[in-house]
Amino acid sequence: MSSSHLIGVFEDESGLVKAVEEIREKDLKIEEVFTPYPVHEVIHAMGTKSKLQVFAYFYGLFGALAVLAFLYWTSVIDWPINYGGKPFNSFPSFIIITIILTIFIVTVSSLATFSGRAKLWPGKQHKIYDLRATDDKFVIVVSKDKTDPEKLSTIQGIMKAHGAVEIREEEA
Amino acid sequence: MYNREVRGPLIIGDKSFKQISTDILAPTETKPGKWWFAMMTLATLASIWGVYSIYITVSKGIGTWGVNNTVGWGWAIINFVWWIGIGHAGTAFSIFLLILRQKWRTSINRAAEAMTVFAVGCAAIFPALHMGRIWLAFFIFPYPNTRGPLWVNFNSPLFWDFIAITAYLLISFSFWYLGMLPDFATIRDRATSKVRKALYGFFSMGWVGSSRQWLRFESLAFILGGIAAVLVVSVHSIVSTDFAVSVEPGWHTTLFPPYFVVGAIFSGFAMVMTLMIIIRKLYKLGDYVTDGHLDAIARILTFISLIMGTAYLTEIFMAWYSGSEYEMFTFFKNRITGEYALQFWGMIICNALIPQLFWFKKVRSSLLIMLIISLFINLGMWFERFNIVITSLSKDYLPSAWASYTPTWVEVGTYVGTIGIFLAGVLMFFRYIPMIAVSEVKTVKDIGTRKYD
Amino acid sequence: MKSIRIEKTGVRHELALTQEHHTMEGREIVRETTLEKYREDPHSGNEAHEHVEEHHTSLYEKPEFDGHHWGLAIDLNRCIGCSACAIACQSENNVAVIGKDEVRRRRIMHWIRIDRYYSESPEDPRVYHQPVMCQHCDNAPCENVCPVSATNHSNEGINQMSYNRCIGTKYCINNCPYRVRRFNWFAYVNNREFDFHQNSKLGKMVLNPDVVVRERGVVEKCSFCVQRIQEKKLQAKVEERTLQDGEIKTACEQACPADALVFGDLNDPGSRVSEMFKDERNYHLIEELHTLPSVGYLTKVRNIKA
């Protein structure tokens, strides 16, 4: 865990985006960018990808198959019961419940995955570098321990060039 | 895509990010006005009556209601469907407008989703309450047990309904809550008192707005949005199968699923309109909920009202066209004329005719008239559900079993009680949760203004 | 007789009626014909039955039952509307007495009721009686809708109700076109507000030990006296013989002074009930719904000039 950081604060989106893109083009490492709302260029430039949607797809696929299998097993194999003269395997009426249960399964498991991957759960505390990042400021955080001093100064330069209103170092 | 010349800016008054946070978070950071306490008292009194009615129902039995051997479902089911319908707007609003890339939704979706959660919560009370043995309600879960194991009847629309409502409540709550995470974090980071910091810190779940969090946030929002879109359509379709799958005249129709979904969105949008007018007036958020927003809702309501009118006519036509004497009796002798004509015509006038006033620009720009019409729509939707539930049951196949139905004070009490609970929920929402999605509004603040060009 | 006077007391009394509508609304519920027409054509008055049979189509196969298939035939010509069947059923099946107040709210508990209709002019009405109990439909609409499987079909064609499983959604009541399902609106046992026989130790001695007493909040209905069926089946098995037709008598059948009700096995081609089902006069109540009832009615034949 690094403990000292270089923090650059921006007033608006456009300066931030340009700064982040330039830093990344030079193959320099940014620890994290904090914004009050999602800025797609930044997310793109940071290069992290989310596999949540792929996960959700498979949750849904396996969920639907599991539900259908469960319905068939309970109504045909385990204890077939005659309701109103319908066949035990009354597939058309199983479809509805399969759709809804699949949605249910996808939701619950996606939420669980999200909570685990984004590390968000009730009462969880994250390190906050700048309180204003959730309000009206855009913040770039670079780890000092993992970056060479000369690269640090390049980063500092880029930040300044794109209109950072505040650049400070923080030991923690 | 968004034509400023035609439609004007989404947010009025060229605000800074800071200003947006301050404006929208103001109600959560300042003491509420006298009207808030007055309304809260009213809501609490109503809820107390509701809780007392629930106590009577559960301790003495369903016999305390007006339902009888012929009309087995009374106000409880009417209110259930009514609340579920209202609960459709939030998600419909969020999801469909999101899919259609209607950016103007950002000012409204939070309140609409809040309304959904409270309305669905209120709705869920009724099916539980109308059960004869509520203490055995867990029988409806298909869990392994020592009775065989005896599973449940997967063919029963009530079972579908139960799962659908549970899923809907879960999804709309998560969708709503997910959107609130960044805003809770904003409140946390702006907070000056320790208690607020700790409280909102707990509920913000450690949100810091990092790019990794935003990435997953958007990913999850996409997934939830995608499946909620399916769910919105299917939940009320499933509610309609409670009726459509049966053999009762007036219930047994394939028209019901789309008719119910559209009706639900209709009543929900009307409720959104009511709420937005109140928010705008009482919290002076006119810069965010603009005339344009209300105008757009009014236009949608006009259109849906036409669909409703068509559905009513289709139903009547099909009753005649089917040639079934039972269907004809239900529609022509029990609804259009007869014992329940008041509810039928109430439904037609409130749902199909009154909203047509929105064709006039004057009507669409008067807050008061819009408020009144939106309340009329919800009254009309209640009449519609009354029509469906009561008239079909009271006079069906064997005339020997025909009976009328009048509610008792216990049923009225549970209904008033849920209105109280809903109102209390909405008031708490006004007080403690940002009414408008702050982080989302920040993304659209420049749309439609000069700055964007 | 001179001592009898009639005067207004000013007291109002709300009558407790189990049936408030008096005509059939032109529906073919009780089918009738005249003797003359019947002699010409035994199908007369019952033409609709053939028409319905012809047009019965279904996605599903017609349900078949391997062993017994219990059925009940009711000859409307014999029924005199005395309600003895209703009382016999009530004492056999521990049906609760619920009092006038509940009846005024249109709640009844009888598992078998006598429907009464009038036709012709109000001055000189013709009266129809029709005993209606659970029709034990092979395509029962009530069974499909119960979420917890509390009601389903036995392999002997009986629409059975498991009280212990019922959670009281009342969906089955609504979806029964015959409205023969009954709901326990209150606790009718050990409840001071319903001070009838089930509230005292002495009164409870009239209860039939072979039948359970139902709890508040569950649905109940005619079971074809399943306890009697089981008893006779067991007896036959112990004596190592086959069940004879007429051996099992439901309470309503046993009490009927006019022998209007006949219970038996529909799978036994020689049974009385099978014979009656083959009769030209036989029809089923609201048969156009394709509920396939196991209860049949025989057209009423009146000896009048048309």
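A few notes on this one:
- Hits in segment C:35-82 - residues which are of a type in the set (Ser, Thr, Tyr) and surrounded by 17 or more Cβ atoms within 10 Å (Cβ to Cβ): C:Tyr38, C:Ser44
- Selection status of C:Asp66, in contact (Cβ under 8 Å) with a residue 12 or more places away in the chain, out of contact with any strand residue (DSSP E or B) (no Cβ under 9 Å at 6 or more places or on another chain) and more than 14 Å from chain B (Cβ to nearest Cβ): yes
- All positions within segment A:129-161 that are of a type in the set (A, V, I, L, M) and buried (at least 17 other Cβ atoms within 10 Å of the Cβ): A:Ala133, A:Val139, A:Ile140, A:Val141, A:Val142, A:Ile155, A:Ile158, A:Met159
- Complete set of residues in segment B:228-237 that are buried (at least 23 other Cβ atoms within 10 Å of the Cβ) and at the interface with another protein chain (Cβ under 7 Å from one of its Cβ atoms): B:Leu231
- Answer from B:Ile165, B:Ile187, B:Ile171 - the residue that is within 14 Å of chain C (Cβ to nearest Cβ), β-branched (Val, Ile, Thr) and either assigned to a helix (DSSP H, G or I) or in contact with a strand residue (DSSP E or B) (Cβ under 6 Å, 6 or more places away or on another chain) (or both): B:Ile165
- Residue in segment B:282-297 that is farther than 23 Å from B:Leu357 by Cα, among the hydrophobic types (A, V, I, L, M, F, W, C), in contact (Cβ under 8 Å) with a residue 12 or more places away in the chain and part of a helix (DSSP H, G or I) present: yes
- Residues satisfying the stated conditions in segment C:1-53, i.e. outside any loop (DSSP other than H, G, I, E, B) and among the β-branched types (Val, Ile, Thr): C:Thr33, C:Thr34, C:Val52
- Some residue of segment C:59-78 being in a helix (DSSP H, G or I) and within 18 Å of C:Asp138 (Cα to Cα): no
- Residues of segment C:177-193 satisfying the condition of being closer than 18 Å to C:Met133 by Cα, out of contact with any Ser or Thr (no Cβ under 9 Å at 6 or more places or on another chain) and part of a loop (DSSP other than H, G, I, E, B): C:Val180, C:Asn184
- Candidate set from segment B:224-254 (those that are of a type in the set (S, T, N, Q) and under 17 Å from the mean Cα position of the chain (by Cα)); member that is nearest to B:Glu315 (Cα to Cα): B:Ser240
- Residues located in segment B:352-406, provided they are within 14 Å of chain C (Cβ to nearest Cβ) and part of a helix (DSSP H, G or I): B:Ile388, B:Val389, B:Ile390, B:Thr391, B:Ser392, B:Leu393, B:Ser394, B:Pro399, B:Ser400, B:Ala401
- Near pairs, Cβ below 9 angstrom, 6+ apart or cross-chain, from segment B:367-383 (within 19 Å of B:Leu285 (Cα to Cα)) to any residue that is among the hydroxyl-bearing types (Ser, Thr, Tyr) and in a helix (DSSP H, G or I): B:Met370/B:Thr274; B:Leu371/B:Thr274
- Qualifying residue in segment B:247-255 (condition: buried (at least 18 other Cβ atoms within 10 Å of the Cβ), modelled with pLDDT of 85 or more and within 9 Å of chain A (Cβ to nearest Cβ)): no
- Which listed residue is modelled with pLDDT of 90 or more, within 30 Å of A:Ile97 (Cβ to Cβ) and in contact with an Asp or Glu (Cβ under 6 Å, 6 or more places away or on another chain), from C:Asn175, C:Asn152: C:Asn152
- Every condition in (1) within 14 Å of chain B (Cβ to nearest Cβ); (2) touching a Lys or Arg at 6+ places or on another chain (Cβ under 9 Å); (3) not acidic (Asp, Glu) holds for A:Ile155 except the one numbered (1).
- Total residues in segment B:190-200, condition surrounded by 15 or more Cβ atoms within 10 Å (Cβ to Cβ) and either modelled with pLDDT of 85 or more or more than 9 Å from every other protein chain (Cβ to nearest Cβ) (or both): 5
- Residues of segment C:216-244 satisfying the condition of being surrounded by fewer than 17 Cβ atoms within 10 Å (Cβ to Cβ) and not polar (S, T, N, Q): C:Glu231, C:Lys232, C:Lys233, C:Leu234, C:Ala236, C:Lys237, C:Val238, C:Glu239, C:Glu240, C:Arg241
- Residue within segment A:127-146 that is over 28 Å from B:Val230 (Cα atoms), free of Cβ contacts under 8 Å to residues at least 24 places away in the same chain, within 25 Å of the chain's Cα centre (by Cα) and not in a helix (DSSP H, G or I) present: yes
- Residue within segment A:106-118 that is crowded, with 18+ Cβ neighbours inside 10 Å, away from chain C (no Cβ under 14 Å) and not in a helix (DSSP H, G or I) present: yes
- Any hit, segment B:407-425, residues being among the polar types (S, T, N, Q), at negative phi and within 14 Å of chain C (Cβ to nearest Cβ): yes
- Annotation note: of C:Arg192, C:Arg182, the sole residue that is among the charged types (D, E, K, R) and surrounded by 13 or more Cβ atoms within 10 Å (Cβ to Cβ) is C:Arg182.
- Residues that are closer than 26 Å to A:Asp148 by Cα, buried (at least 19 other Cβ atoms within 10 Å of the Cβ) and among the β-branched types (Val, Ile, Thr), drawn from segment A:12-68: A:Val17, A:Val20, A:Ile23, A:Ile30, A:Val33, A:Thr35, A:Val42, A:Ile43
- Unique match (being of a type in the set (A, V, I, L, M, F, W, C) and facing another protein chain (nearest Cβ under 10 Å)) among C:Ile98, C:Ile112: C:Ile98
The values are calculated or read from the model by the stated rules, or taken from the named source; none is laboratory data. Predicted, not measured: the structure shown is a model, and the values here were computed from it. Here Cβ is always computed from backbone atoms with ideal geometry, including for glycine, and neighbour counts include all displayed protein chains.
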